[in-house]
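To keep things clear, I will list the structure first and then write my remarks on it.
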Amino acid sequence: MSKPSRPSAFETVNRLFDKAADLLELSEEKRVELTTPYRELMVRLPLLSEDGKLHVFRGYRVQHDNSRGPMKGGIRYHPDADLDEVRALAALMTWKTAVVGLPYGGAKGGIQCDPRQLSTLDLERLTRRFAQRMEGFIGPREDIPGPDMGTNARIMAWMMDEYSKFHGYSPGVVTGKPLELGGSQGRESATGRGLFFAVERIAPELGLALDGARVAVQGFGNVGYWAARFLADAGCRIVAVSDIDGTIRCPDGLDIGALREAAQRAGSVTAYEGPGCERLDREELISSDCDILVPAALGGAIHAGNAADIKAKLIAEGANHPTTPEADEILLEREVTVLPDIYANAGGVTVSYFEWVQNLQQMRWSAERVDDELHQVMQTAFDAIKKARGEFDTDWRAAAFVVAVRRVAEAARLRGLH
Ligand code: GLU
């Protein structure tokens with residue numbers, strides 16, 4: 001079945017909010033207050049590229065809510081990063097930072113572009129121009145960008161450098177920086193590690209043994225790679241991985257190191273060779289025979305057209321909003337457990353928070369300390385979600401939203417109209 005056309009991503013996130021707001025019996029006025037973005041910035045970004053052509057890109061920064069602290073969220077460089085998508089991702093950051101108890105609000109930014117089509121010099125100039133446009137709106141106590149799809153430590157370094165030209169040396173304005181510029185140990189692997197901690201915690205509740213569990217991973221970027229690696233280290237068998245070019249399926253299990261090497265060498269996971277492995281279309285990943293499915297690519301990957309084909313018992317959402325609400329209903333009915341994005345992929349922003357804390361205190365933490373503190377955050381959040389799930393007799397996603405919405409609503413109430 002083909003993928004149905006997608007409604008507004010922001011409205012879709014607000015439907016998830018509404019379910020929690022219903023359970024919490026929030027007033028209409030409160031719902032409007034908590035869903036309306038605090039501030040939105042859209043900028044024109046002209047670039048006279050190295051090939052002599054003039055390109056005009058659009059950049060966005062949506063600051064969704066700051067009731068619980070300065071706003072936090074990544075910067076995405078992707079052709080689909082339009083205002084609606086960035087708004088949806090900003091709202092998810094508000095709920096994500098709240099559910100894991102970080103002292104932050106939510107924001108997200110992006111440039112609607114294909115970074116793979118840009119030379120390194122063009123990427124740097126575009127990034128610096130974007131940072132110039134945002135400079136008056138962001139700051140270590142206001143809004144702290146970080147990495148997301150299509151951006152990396154090098155891009156974060158340019159942003160920090162550009163902001164520092166206006167405000168003095170300010171490592172705390174951006175996270176996901178290189179270690180040499182105040183980046184944190186463990187930031188790169190953080191989302192995958194956090195997802196692993198979440199899976200490790202829920203598995204016993206489902207009677208699922210990780211040793212020998214079969215895992216399929218959609219997307220082999222930063223999140224997919226590290227999630228696969230930590231799950232494999234815990235004894236899971238990674239039976240299928242996909243990227244934009246296709247799926248590689250190996251029922252006996254893939255070697256993650258060799259897979260990464262093949263992906264880096266040939267540009268795609270489909271270059272991997274191994275006994276009993278076959279190449280399939282990228283859509284086939286979702287219906288793989290497996291126990292755990294990790295969507296770690298774009299939003300909307302699990303939809304009404306493919307949710308019924310899923311064979312996994314557990315879906316751990318490495319991506320942001322990979323499951324549409326229609327698919328959620330189908331999965332609920334089929335008793336497939338979904339560990340929701342706002343919890344399952346919160347490891348990234350959590351270690352970004354640790355990075356910011358280290359920057360503000362001019363301290364360095366060891367890799368062991370980062371991992372221990374991340375483990376603690378993921379455990380505490382799981383306990384809160386599990387409690388809300390019992391209290392409201394609901395699913396894991398709604399329970400996570402209940403925890404988050406309750407915290408933000410309470411902070412907003414206590415601060416008054418600000
Ligand atoms: N991009 C990450 C996310 O979607 C986090 C960005 C950050 O570290 O601020 O959660």
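The values are calculated or read from the model by the stated rules, or taken from the named source; none is laboratory data. Remember, it's a predicted structure, so these values are computed and weren't measured experimentally. Backbone-built Cβ (ideal geometry, glycine too); neighbour counts: all protein chains shown. The area values use the complete protein model at the heavy-atom level, side chains included, leaving out ligands, DNA and RNA. Shrake-Rupley method; radii C 1.70, N 1.55, O 1.52, S 1.80 Å.
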### Query
If you go through the range 378-413 one residue at a time, how many are open to solvent by less than 30 Å² (accessible area, probe 1.4 Å) and in a helix (DSSP H, G or I)?
20
### Task
Determine whether the range 131-138 contains at least one residue that is surrounded by fewer than 18 Cβ atoms within 10 Å (Cβ to Cβ) and over 23 Å from D65 (Cα atoms).
no
### Query
Could we say that E33 is assigned to a helix (DSSP H, G or I) and among the acidic types (D, E) here?
yes
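What are the residues in the range 159-178 that are open to solvent by 30 Å² or more (accessible area, probe 1.4 Å) and either under 13 Å from G73 (Cβ atoms) or not in a loop (DSSP other than H, G, I, E, B) (or both), if any?
Let us first name the residues in the range 159-178 that are open to solvent by 30 Å² or more (accessible area, probe 1.4 Å), namely 161, 165-169, 178.
Within the range 159-178, D161, K165, F166, H167 meet the criteria.
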## Note on the structure
Note on R265: of the conditions (1) closer than 24 Å to Y77 by Cβ; (2) free of Cβ contacts under 8 Å to residues at least 12 places away in the same chain; (3) open to solvent by less than 10 Å² (accessible area, probe 1.4 Å), unmet is (3)
### Query
Which ones in the range 202-229 are open to solvent by 10 Å² or more (accessible area, probe 1.4 Å), within 13 Å of I292 (Cβ to Cβ) and touching a residue at least 40 places away in the same chain (Cβ under 8 Å)?
L206, L208, R214, Q218
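Mind telling me which of the residues G136, G101, G110 ends up being part of a loop (DSSP other than H, G, I, E, B), more than 10 Å from the ligand (Cβ to nearest atom) and under 14 Å from V43 (Cβ atoms)? It would help to see each step written out before you state the result.
Numbers: G101 fails: under 14 Å from V43 (Cβ atoms); G110 fails: part of a loop (DSSP other than H, G, I, E, B).
That would be G136, the only listed residue that is part of a loop (DSSP other than H, G, I, E, B), more than 10 Å from the ligand (Cβ to nearest atom) and under 14 Å from V43 (Cβ atoms).
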### Task
Give the range 90-121 a look and list any residue that's over 15 Å from S352 (Cβ atoms), open to solvent by 10 Å² or more (accessible area, probe 1.4 Å) and not polar (S, T, N, Q), or say none.
D114, P115, R116, L118, L121
### Task
Hey, could you check the range 340-373 for residues that are more than 28 Å from H321 (Cα to Cα), part of a helix (DSSP H, G or I) and of a type in the set (D, E, K, R) and say which is least open to solvent (accessible area, probe 1.4 Å)?
R369
